[in-house]
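In what follows, a single structure is set out as structure tokens and then discussed.
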Amino acid sequence: MSSSLTSSSSSTPPPSTPPSSQDAQDAQYTTPPPPPSLDLQRLRNPRAPNATRDQRLQAQTLYAAGLKYQEIAVQTGLTLYQIHYALRHPATLTKRIGRKSKLSDDELQSIINWICATQANRRTT
């Protein structure tokens, strides 16, 4: 009876033995599939709307918590570039710069006053 126990236990390796080196190499090169919600085309959309201050803060917080860009993009709905920009710049928004006005504020106010002065001036415009 003892010979049957030893023969069955000797045919299977004990569970505490480390895996073979071939198994370790195979495990090293296998990568998990991307999550189904990860749509890289959407994340690289060049025409995405501007990110809000709260979205930038959320991206900075998630990155500080250890999430990767793609994981942040899935959670926030921002593009990869928006996340990159949010992490490299301050979260507070600045006034968008546009074309400079050809008229100064004083010139514009004087034109408005001239138009509103009389009924005849209002018809000329």
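Quick notes on this structure:
- Per-residue HN-Hα couplings for the range 52-69 [Karplus 6.51, -1.76, 1.60; θ = phi - 60°; Hz; x = Gly/Pro]: 7, 4, 5, 5, 5, 4, 5, 5, 5, 5, 5, 5, 5, 7, x, 7, 8, 4
- Around the amide H of A51, modelled in the peptide plane, lies no amide H under 5 Å away from a residue 5 or more places distant or on another chain.
Since every read-out is calculated from the coordinates, none of them should be taken as a lab result. What you see is a predicted model, and the numbers here were worked out from it, not measured in a lab.
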